[in-house]
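What follows draws every value from the coordinates through simple rules; no lab data is involved. Note that the structure is predicted; figures quoted are calculated from it, not measured. Please note: Cβ atoms are built from the backbone with ideal geometry, for glycine as well, and neighbour counts cover all protein chains shown.
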Amino acid sequence: MGTMAINIKYYPPCPNPSITIGSRRHCDMSCINLLFQDETGGLYVRGTKGNNWIHVTPIKGALAVSIGDSVQIMSNDQYKSIEHFVAVDLSTTRISVLVFLNPSLDSVIGPFP
């Protein structure tokens, strides 16, 4: 069995969001990620063509689900970990709750045969 981590992120309103980022662009090492967003939005994922970024529009009551680097490694790149970042908002607080499902700390992972 692996581990599960819950992370609650609070992004206060930012007076100058054009020069501030809530969370820099990155991929997660986890297996599966579940994101409970509020209605503010601000999550962007890298598109598949060029350097385009796609805003993930929050839907009330929905989860944003993504896979992390561990699944990409185990699937031998059949499934891709998604690069993403979080933008801040000028006047609105953003709160997100994330659940990360990870391999156990002593796991050795590699591509499935």
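Overview of values
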quantity: Per-residue ³J(HN,Hα) for the range 15-30, Karplus 6.51 cos²θ - 1.76 cosθ + 1.60, θ = phi - 60°, Hz, x for Gly and Pro; calculated: x, 9, x, 5, 10, 10, 10, x, 8, 4, 5, 6, 10, 9, 7, 4
quantity: Cleavage-rule hits (chymotrypsin sites (Phe, Trp or Tyr not before Pro)) in the range 3-101: DSSP loop, at most 14 neighbouring Cβ within 10 angstrom; calculated: Y79
quantity: The range 1-56: trypsin sites (Lys or Arg not before Pro) falling in loop per DSSP and having at most 15 other Cβ within 10 Å; calculated: K49
quantity: In Hz, Karplus ³J(HN,Hα) per residue of the range 85-101 (6.51, -1.76, 1.60; θ = phi - 60°; x = Gly, Pro); calculated: 8, 10, 9, 8, 10, 5, 10, 10, 6, 10, 10, 10, 10, 10, 10, 10, 9
quantity: Nearest-20 debye value, the chain charge dipole, Cβ charges on Lys, Arg, Asp, Glu; calculated: 240 debye
quantity: Stretch gain in nm, segment N76-K49, where the contour uses 0.36 nm per residue and the Cα spacing is subtracted; calculated: 7.6 nm
quantity: Long-range amide H partners of V56 with built H, under 5 Å; calculated: G42, L43, Y44, V45
